[in-house]
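The values are calculated or read from the model by the stated rules, or taken from the named source; none is laboratory data. What you see is a predicted model, and the numbers here were worked out from it, not measured in a lab. Cβ placement follows ideal geometry from the backbone for every residue including glycine, while neighbour counts extend to all protein chains displayed. Each accessible area value is taken on the protein alone, full model and side chains, heavy atoms only, with ligands, DNA and RNA left out. Shrake-Rupley method; radii C 1.70, N 1.55, O 1.52, S 1.80 Å.
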Amino acid sequence: ARGRHPRRRPVTLPPTMQAAYIAQVGGPIEIGALPLPPIGPTDVRVRVAASGVNPVDLFVRSGAYRTHTPLPFVLGRDAVGTVAAMGAGVSGLAVGDAVWCNSLGHAGRQGALAEYAVVAAERLYRLPAGVDTMQAAAVLHTGATAQLGLARHAQLQAGETLLIEGAGGGVGSAVVQMAHAMGARVIATASARDQAWCRQCGADVVIDYQ
């Protein structure tokens, strides 16, 4: 009838999630709603249960670590969570599976400091049964760095002697523990306050780096 407003169709907004992101490189870290990321045919959408903040995340934020950051860019390398959805080309996983990834938040890949993260299936791994979610998130970055450095690059062998500088830190103490488990003799340098910790991690000799 004349004078009546036409019936408006309801507007369906895209689903959103909470995330920690930067709107510009060098800008502040913001926390707010972003669109739920779409998944491609070989991607997995992970509902993030735990993540962590590493120094490299702050380097990405500031621009000190130059990498592709399509804005707004979600920070965070490490994600532990469960499979929420998968692309048609993904096999070997099911919705609800516990998984982990530690290569997000750089090279154009949106990060893990969000309710959901999209991960290429080839970069996603099953979380072993019985592994605590929070503990896994805390050691993913340091543990993987230690393993790659010792096994892939240094090809450390049992019986060799390894000098680890700055052994009291996250990566350093992970290297000490892993090298000890691999059968190496470990010499560590650390501050006086970290010497007991380094010995607990498996260092045979600890030297005050002062």
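Can you give me the accessible area per residue for the chain, using a 1.4 Å probe, in Å²? List each step's numbers first, then the result.
Numbers: 12300 Å² over 210 residues.
Roughly 59 Å² per residue, with all protein chains present.
Between rounded, prolate and oblate, where does the stretch 19-61 land on the alpha carbon gyration tensor, with a ≥ b ≥ c its root eigenvalues, rounded for a/c under 1.5, else prolate if a/b exceeds b/c? Please report the intermediate quantities before stating the final value.
Details: a/c = 1.96, a/b = 1.61, b/c = 1.22.
The shape class here is prolate.
Count neighbours as other Cβ atoms within 10 Å of each site's Cβ, and list the GluC sites (Glu not before Pro) in the stretch 116-186 that are DSSP loop with at most 16 such neighbours. Show your work: numbers first, answer last.
On the way: sites: Glu122, Glu160, Glu165; in loops: Glu160, Glu165.
Filter output for the stretch 116-186: Glu160, Glu165.
From the C-alpha gyration tensor of the chain, pull out the three semi-axes of the equivalent ellipsoid (sqrt of 5λ each), sorted largest to smallest, in whole Å. Numbers along the way, then the final one.
Working: eigenvalues 366, 80, 37 Å².
That gives 43, 20, 14 Å for the three semi-axes.
How large, in percent, is the carbon and sulfur part of the accessible surface of the chain at a probe radius of 1.4 Å?
Carbon plus sulfur share of accessible area: 54 percent.
Loop only per DSSP, at most 10 neighbouring Cβ atoms within 10 Å: give me the trypsin sites (Lys or Arg not before Pro) in the stretch 64-144, ordered by residue number. Don't skip to the answer; put the middle values down first.
Numbers: sites: Arg66, Arg77, Arg109, Arg123, Arg126; in loops: Arg66, Arg77.
In loop regions of the stretch 64-144 (DSSP not H, G, I, E or B), the sparsely surrounded trypsin sites (Lys or Arg not before Pro) are Arg66.
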